[in-house]
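The values are calculated or read from the model by the stated rules, or taken from the named source; none is laboratory data. As the structure is a prediction and not an experimental result, all values here were calculated from the model. Methodologically, a virtual Cβ is constructed for each residue, glycine included, from the backbone with ideal geometry; neighbour enumeration extends over all protein chains shown. Heavy atoms of the whole protein, side chains included, go into the accessibility calculation; ligands, DNA and RNA do not. Shrake-Rupley method; radii C 1.70, N 1.55, O 1.52, S 1.80 Å.
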Amino acid sequence: MTRQVYAFEPPERFVAGTVGPPGERAFYLQARGDGRLVSVALEKVQVSLLAEKLDELLGEAHRRFGVVLPESEPGPADNDPLENPVDEEFRVGTLGLAFDVDSSTVVIEAIAAGETDEDEEEAEDESSDLDRLRVRLTPAAARDFIERARRVISAGRPPCPLCGQPLDPHGHLCPRNNGYHR
């Protein structure tokens, strides 16, 4: 089976977004460019970690290579929904980040989830056969992605002040209250 590499270097738009109401949201990374639209599904925690690690990567690039990091632009933020159709190309299993010093860009690679029942050597060999989304962003575009991803994450259900799990509108069985509703 041949793999599909969806490369956007650079994309016209690259965002994290959701479909569905809080508590039932499906999370996606979506890239648009050159008349193509690619959406890949992932977990909320993956979006959160991607934003966090991308921020750390930009800080490290600034410290090590003197990359000029743009401040947040005071213009309107990209709060538009995901573009339709939101057709899932694959579910993300692995995310990779790199900084290309020559072009001063960040490379984000989302690799499809593969079989995990095999030993590591075979899994590494098979990872080259997995679909992937590769996006190259300027530091300014990476900052915009981070800000939007954080807004998307925080737009969900509020956390319980005791256990940190999401609160449902119909109540919450909190383990710290021995299962009593809050």
Cβ-Cβ distance below 9 Å, separation of 6 or more or different chains: which pairs start in segment 99-115 with a residue that is within 12 Å of GLU9 (Cα to Cα) and end on one that is open to solvent by 40 Å² or more (accessible area, probe 1.4 Å) and of a type in the set (Asp, Glu)? THR105/GLU9; VAL106/ASP100; VAL107/GLU9; VAL107/ASP100
What do you reckon, is VAL92 part of a strand (DSSP E or B) and farther than 19 Å from ARG143 by Cα? yes
Determine which single condition ALA142 fails, assuming it passes every other condition in (1) surrounded by 13 or more Cβ atoms within 10 Å (Cβ to Cβ); (2) free of Cβ contacts under 8 Å to residues at least 60 places away in the same chain; (3) hydrophobic (A, V, I, L, M, F, W, C). (2)
Considering only segment 152-182, state which residues are surrounded by 15 or more Cβ atoms within 10 Å (Cβ to Cβ) and basic (Lys, Arg). ARG157
